[in-house]
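The numbers here are math on the coordinates, done by the rules we state, and not lab data. Treat the numbers as computed from the prediction; the structure is a model and nothing was measured. Cβ placement follows ideal geometry from the backbone for every residue including glycine, while neighbour counts extend to all protein chains displayed.
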Amino acid sequence: LVSRLRPFTSTIFAEMTALATRTGAVNLGQGFPDTDGPASMLAAAQRAIAEGVNQYPPGPGRPELRQAIAEHRTRYGTEYDPDSQVLVTVGATEAIAAALLALVEPGDEVLLVEPYYDSYAASVAMAGATRRVVSLVEDGDRLALDVEALRAAVTPRTKALLLNSPHNPTGTVFNRQEMEAVARLCQEHDLIAITDEVYEHLVFDGKEHISLASLPGMAERTLAISSSGKTFNATGWKVGWVCGPADLVAAVRAAKQFLTFVGSAPFQPAVAHALRTELAWVDQLRDDLQRKRDRLAEGLSDAGFGVRATEGTYFVCADVRPLGFTDGAELCRQLPERIGVAGVPVQVFTDSPQEWSHLVRFAFCKRDEVIDEAIARLRKLG
Ligand code: PMP
Ligand code: GLN
């Protein structure tokens with residue numbers, strides 16, 4: 001394996017899911033739902049297969065899906081031309097990788113906020129670039145963006161900022177003030193913004209998802225990335241997309257065509273159908289997830305964990321120190337065997353593991369009885 005990929009041999013999700021499967025543990029590690037998406041979307045995919053939508057789709061994605069994506073994005077006040085400003089990808093993961101491969105030169109720097117989703121560091125490395133990492137900071141029980149630290153991390157080689165909100169793994173949703181500060185920073189330093197918005201619909205307590213591209217001066221320098229996986233409980237379909245100015249999207253398409261060329265033919269019309277007709281289903285999903293968040297957060301708190309605020313996504317971060325543990329990674333390695341629960345240590349999403357070793361991420365996109373069983377088992381730790 002080449003040296004630039006040596007730090008990325010196996011993902012934490014694969015490792016923890018394998019451990020959970022081997023031990024029969026309740027898997028609150030890898031974030032995937034245990035129920036299906038809207039029935040009409042599933043039927044649309046089956047129909048597409050039966051009707052022969054089984055060969056290569058058009059390079060940029062099927063037109064009805066690009067149209068539906070552009071219409072969906074108007075909810076943020078942003079307008080995209082479906083032909084030149086929308087590109088369908090194999091999940092958000094490919095969109096992120098293709099964006100970096102297309103826009104960042106070897107030796108350029110990319111700003112990341114830590115903890116960061118694991119594919120970011122690997123994709124920056126594959127592009128031959130360097131990551132500059134700035135930590136979220138505690139503000140009460142919320143993990144907040146430190147915009148001054150972000151500003152201090154910019155150098156003449158900084159080309160892009162990759163920002164994820166709602167944020168995995170912390171559950172923070174960056175507020176308007178934070179987003180406006182990021183927008184100013186990008187404009188002052190002429191940075192390209194790449195925004196990972198895969199949890200855009202999973203925002204709780206009436207809070208608002210802000211798409212960075214919607215702020216003044218940002219549409220022309222932002223690639224907005226999302227996917228159907230989280231919105232429609234279909235993480236295995238891998239239908240994602242990227243929207244942005246035509247020149248940047250054309251660059252991403254150049255990289256994307258030699259990664260996968262195209263993908264997911266019969267799922268594309270199904271996702272188009274869901275974007276057009278199933279957003280009420282998604283509101284219901286969000287409300288259910290908010291209740292599940294409360295269920296898991298209360299259970300973790302009763303079991304003795306310190307619980308951080310979750311404003312969005314389907315993850316809760318729990319502080320293991322009140323239970324007398326200091327190393328979340330070590331604890332996550334023991335938990336499946338010891339009490340039959342799997343979680344993910346937050347430190348694996350960072351460049352400063354010591355500072356994050358007290359947090360473990362648990363996913364709550366699970367049936368209530370699964371969450372309850374996990375809580376009952378976690379109580380044995382106290
Ligand atoms: N970004 C974040 C923050 C994620 O949590 C995930 C994973 N689910 C992805 C990107 C990947 O999305 P996809 O499955 O659409 O590639
Ligand atoms: N995004 C999911 C998570 O954060 C899992 C993705 C994966 O398995 N690569 O848990």
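Brief remarks follow.
- When you restrict to C-alpha pairs under 8 Å that are six or more residues apart and normalise by the size of region 55-204, the relative contact order lands at 19 percent.
- Sites R321 and E51, calculated FRET efficiency, Cβ-Cβ separation with R0 56 Å, nearest 0.05: 0.50
- Region 71-137 - charge dipole about Cα centre, Lys and Arg +1 at Cβ, Asp and Glu -1, debye rounded to 20: 220 debye
- Under 10 Å, Cβ to Cβ, from A102 - net charge with Lys/Arg +1 and Asp/Glu -1: +2
- Straight-line cross-link reach from K230 at under 27 Å between alpha-carbon atoms covers these lysines, not counting any fewer than eight positions away in the same chain: K207, K238, K256, K292, K366.
- Cα convex hull of region 11-124, projected area averaged across orientations, nm²: 11.0 nm²
- Dipole magnitude for region 6-91: about 260 debye, using +1 per Lys or Arg Cβ and -1 per Asp or Glu Cβ, origin at the Cα centre.
- The relative contact order of the chain comes to 24 percent, based on Cα pairs under 8 Å that sit 6 or more residues apart.
- Surface/4 estimate of mean projected area, convex hull on alpha-carbon atoms of region 274-332, nm²: 4.9 nm²
- Distance from the alpha carbon centroid of region 3-63 to that of region 272-308 works out to 20 angstrom.
- Potential lengthening of the chain between D372 and E330 amounts to 12.7 nm, from the contour at 0.36 nm per residue minus the alpha-carbon distance.
- Distance between modelled label sites at D36 and Q354, nm, 7 Å Cα→Cβ extension: 5.1 nm
- The chain: antiparallel DSSP beta bridges as a percent of all, rounded to 5: 50 percent
- The phi torsions of region 82-99, fed into the Karplus equation with coefficients 6.51, -1.76 and 1.60 and a -60° offset, translate into couplings of x, 7, 10, 10, 10, 10, 8, 10, 7, x, 5, 4, 5, 4, 5, 5, 5, 4 Hz, rounded to whole numbers, with Gly and Pro shown as x.
- Calculated [θ] (222 nm, deg cm²/dmol) that DSSP helices of n ≥ 4 give over the chain, each run adding -39,500 (n - 2.57): -12000 deg cm²/dmol
- Among residues other than E337 with Cβ under 13 Å from its Cβ, the summed charge is +4 (Lys and Arg +1, Asp and Glu -1).
- Whole-number D in µm²/s for region 1-45 (Stokes-Einstein; Kirkwood sum over Cα pairs; 37 °C, 0.692 mPa s): 245 µm²/s
- F362 sits among other residues whose Cβ lies under 15 Å from its own Cβ, and their net charge, with Lys and Arg +1 and Asp and Glu -1, is +1.
- The C-alpha radius of gyration of the chain, expressed as a fraction of 2.2 N^0.38 Å, stands at 0.96.
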